[in-house]
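To start, the structure itself, in structure tokens.
The values are calculated or read from the model by the stated rules, or taken from the named source; none is laboratory data. All values reported here derive from a predicted model rather than from experimental measurement. For neighbour counting, all protein chains shown are included, and Cβ atoms are generated from backbone atoms with ideal geometry for every residue, glycine included.
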Amino acid sequence: MNKIIKGAITALLLLVIASSCKQKQPQNTIDNNKAVSKEFETKSDLVVDFSDTGIVIQPTMYGVFFEDINFGADGGIYAELIKNRSFEFPNPKMGWHEPNSVRYSLNGDSGFAKVTDYVNGKGNKRYVHVMVENDQRYELYNEGFRGIGVKADAKYDLSLSLAKNKGITQISVALLDTTNTVVGQTNIIPKEHEEWQTYTATLQPNKTVAKGKLKITFSGKGSIDMDLVSLFPQETWKGRKKGLRKDLVTLLDGLNPGFVRFPGGCIVEGMNLDNRYQWKKTVGAWDERELMINRWNIEFPNKNAPDYFQSFGLGFFEYFQLSEDLGAEPLPILGCGMACQFNSGELVPLEDLDPYVQDALDLIEFANGSTNTKWGSLRKEMGHPEPFQMKYIGIGNEQWGPEYFERYKVFAAILAEKHPEITVVSTPGPFPDGDMFEYGWEQLNELDVALVDEHYYKSPEWFLENADRYDSYDRNGPKVFAGEYAAHPKDKDGIVENNWQAALAEAAFMTGLERNADLVHLTSYAPLMAHADAWQWAPDLIWFNNLEAVPTPNYQVQKLFSNNPGTNLIGITKNDKPLTGQNNLYASAVIDSSTQEVIFKIVNTASQAQEVNIKLKGQDVVAKGTKTVLTSDGLEEINSFENPNNIVPQVEEITAKEDMVQLQLAPRSLNVVKFKIK
């Protein structure tokens, strides 16, 4: 992400170094007339040439990038409803409340919960020892992630672990609404036993509640130990126990992604090396995965999220499994021995880099190795004996400067020797231009890197002006992964930043990505999703709350491209030139050899309707086709929780006349036109 640079001294030194480096990667001159043509015509003559360009659209062309930001994992796609379920937060009772505890109630003397350390705790280090003083019934509440969202008549799986019961006769577990009215309840009768046992029950609320809470009431007099309090909807993605939130994954599945990049983003690097993402701590038994602070917990002073942690219920195994479910290539990103340079920039000395490189080798074994290997055996134990067939691995995220490339070289050499079948992804830094970017590209060219991950968070105007960004890139150099991008309208924040102006600009830019499919092999919008009540960064492709999810206009743009990628690029031109803003038009064209269709994607950014006459050169099409239109009357229009279908595609039937297609393009519209080829 493009954050405010905190390591200013380091950055300035790097810029001094970079300023002396010769530019190797060509950059385009911005044509200020692209955003609004000086001489606007309401009619345009275009030509689609069916001649074979030799350019194949990669199956990975359109994918998704998941980062645990904006409560995207815990409180989001990971469907657990209990926050701090095993009392592992630095403040062990964060998210829990004891209204009638002897410690917090003036009149209460019912009991209390004492946080206790396991003697040999590993990932799970703590539990609570509950003392019940009398028959007033001690109560313990959990607030969930900005509340607990439940739906009427849906079923929810409750589980909790209990041990050393001495005198507790019943534990009542209830779901409450905002008025503390019980909407669902179940009772557990704990046995008298010393060792931990898991108790399960089902809660079925009679009312839909967006911001409820869970109440646990202890009856009797005595004590009991409790841990791992968990509540999941039964309706998860693919019905998996303790799985993923179905509505959110369904939206991802609707994008038909070619790859899933995970787990970040800046959380890969960590604010310091101790805080870096370590994939080995995210696999194995879910209840032994070690909690870690999420770096977005304190990154933005104006959007502090002190309760933002990573339980790793969504860990590397689940990421691989999700990729497989979506039919997408997994693309994990690993740290390179550098903490985030926007934070501490802490470095691992080169002589101490071996454990980091070994993590990469072990990850390949976990994903692809035989079940006779250490990490392949763990994959089998977790329920997936077959390899995940991983083909890509990224080393570093948004790193820059000589220190990064020194470390990248070590990884690249060893991976090339031991796993030449794996494509290694590198980065030129966090910005799409400037001295740092040019220095990065110089190094990447010298290293003959296979795939370069570029990021850009810019204004809608920038996206229009850069629709030809890759037209002049060196075709003999590395291929490009447009790994993070989003248009940011000015003076806006939150869901209103996902307006039609931004989405339309991204659509125009994406025609340029598609036109350069010989160079650009992967693309993904970022960030992917955000909780409406707990977000740090906007815009985001999908907004959600505890009950609902809203696909933004930007999502609808991504979906139209990713569901109509085609297999082979063909030419679409005006006066023998690609459409990169002439007369406010942007376009690309592909053939889908599997369906025998031709697909035009045409963006009209003008405020007026346009008529285009498309001459078909070298091929005829059947008479009837379809035009899918995405448009809005206002540039600031959005999809909201109140009106989630404000901007959605509309499909209409159209007709071709011999070798000519005549189209009416609505103002400010994305148009996807499809005809069967004769």
Yes or no: segment 510-533 includes at least one residue that is aromatic (Phe, Trp, Tyr) and assigned to a strand (DSSP E or B). yes
Here is a list: Lys221, Lys213, Lys242. Which entry is farther than 18 Å from Leu314 by Cβ and under 34 Å from the mean Cα position of the chain (by Cα)? Lys213
The correct count of residues that are surrounded by 14 or more Cβ atoms within 10 Å (Cβ to Cβ) and either under 34 Å from the mean Cα position of the chain (by Cα) or of a type in the set (D, E, K, R) (or both) in segment 174-198 is 6
Kindly establish whether Phe312 is more than 22 Å from Ser524 (Cβ to Cβ), within 19 Å of the chain's Cα centre (by Cα) and buried (at least 23 other Cβ atoms within 10 Å of the Cβ). yes
Would you mind stating whether Glu365 is acidic (Asp, Glu), in a helix (DSSP H, G or I) and within 21 Å of Val260 (Cα to Cα)? yes
Looking only at strands (runs of 3 or more DSSP E) that lie completely in segment 55-168, which have at least 2 residues being closer than 20 Å to Gly184 by Cα? 138-142, 148-150
Which residues, taken from segment 359-396, are out of contact with any helix residue (DSSP H, G or I) (no Cβ under 9 Å at 6 or more places or on another chain) and under 13 Å from Gln321 (Cβ atoms)? none
Strands (runs of 3 or more DSSP E) wholly inside segment 580-678 that include at least 1 residues being hydrophobic (A, V, I, L, M, F, W, C) and under 30 Å from Ala532 (Cβ atoms): 597-604, 621-631, 650-657, 669-677
Just to verify a result, which residue in segment 225-239, among those that are touching a helix residue (DSSP H, G or I) at 6+ places or on another chain (Cβ under 7 Å) and assigned to a strand (DSSP E or B), is nearest to Phe312 (Cα to Cα)? Leu228
Give the residue, chosen from Lys213, Lys207, Lys242, that is in the same structural domain as Asn343 (by TED's automatic domain parsing), modelled with pLDDT of 95 or more, closer than 30 Å to Val128 by Cβ and not in a helix (DSSP H, G or I). Lys242
If I filter segment 649-657 for residues that are under 29 Å from the mean Cα position of the chain (by Cα), more than 23 Å from Arg515 (Cα to Cα) and not assigned by TED's automatic domain parsing to the domain that holds Ala538, do I get at least one hit? yes
Just the residues that are without any contact (Cβ under 8 Å) to a residue 60 or more places away in the chain, not in a loop (DSSP other than H, G, I, E, B) and not aromatic (Phe, Trp, Tyr), please, taken from segment 441-484. Gln443, Leu444, Glu446, Leu447, Val452, Asp453, Glu454, Lys458, Pro460, Lys479, Val480, Ala482
Scope segment 503-526; condition in contact with a Leu (Cβ under 7 Å, 6 or more places away or on another chain) and under 18 Å from Ile69 (Cα atoms); matching residues: Tyr525
Filter segment 467-488 down to the residues that are closer than 21 Å to Ala534 by Cα and surrounded by fewer than 22 Cβ atoms within 10 Å (Cβ to Cβ) and list them by number. His488
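Residue-by-condition table, conditions (1) touching a strand residue (DSSP E or B) at 6+ places or on another chain (Cβ under 6 Å); (2) more than 21 Å from Leu519 (Cβ to Cβ):
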{"residue": "Arg407", "(1), (2)": "no, yes"}
{"residue": "Val410", "(1), (2)": "no, yes"}
{"residue": "Val425", "(1), (2)": "yes, no"}
{"residue": "Tyr439", "(1), (2)": "no, no"}
{"residue": "Asp453", "(1), (2)": "yes, no"}
Can you give me the number of residues within segment 249-305 that are in contact with a Pro (Cβ under 7 Å, 6 or more places away or on another chain), assigned to a loop (DSSP other than H, G, I, E, B) and polar (S, T, N, Q)? 0
Segment 550-579: number of residues that are closer than 30 Å to Arg245 by Cβ and either more than 28 Å from the chain's Cα centre (by Cα) or not in a strand (DSSP E or B) (or both): 14
Take Tyr319 and tell me if it is closer than 18 Å to Trp237 by Cα and either out of contact with any Cys (no Cβ under 9 Å at 6 or more places or on another chain) or modelled with pLDDT of 95 or more (or both). yes
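Filter segment 389-421 down to the residues that are part of a loop (DSSP other than H, G, I, E, B), on the phi < 0 side of the Ramachandran plot and either buried (at least 20 other Cβ atoms within 10 Å of the Cβ) or not assigned by TED's automatic domain parsing to the domain that holds Glu446 (or both) and list them by number.
Within segment 389-421, Met390, Asn397, Gln399, Trp400 qualify.
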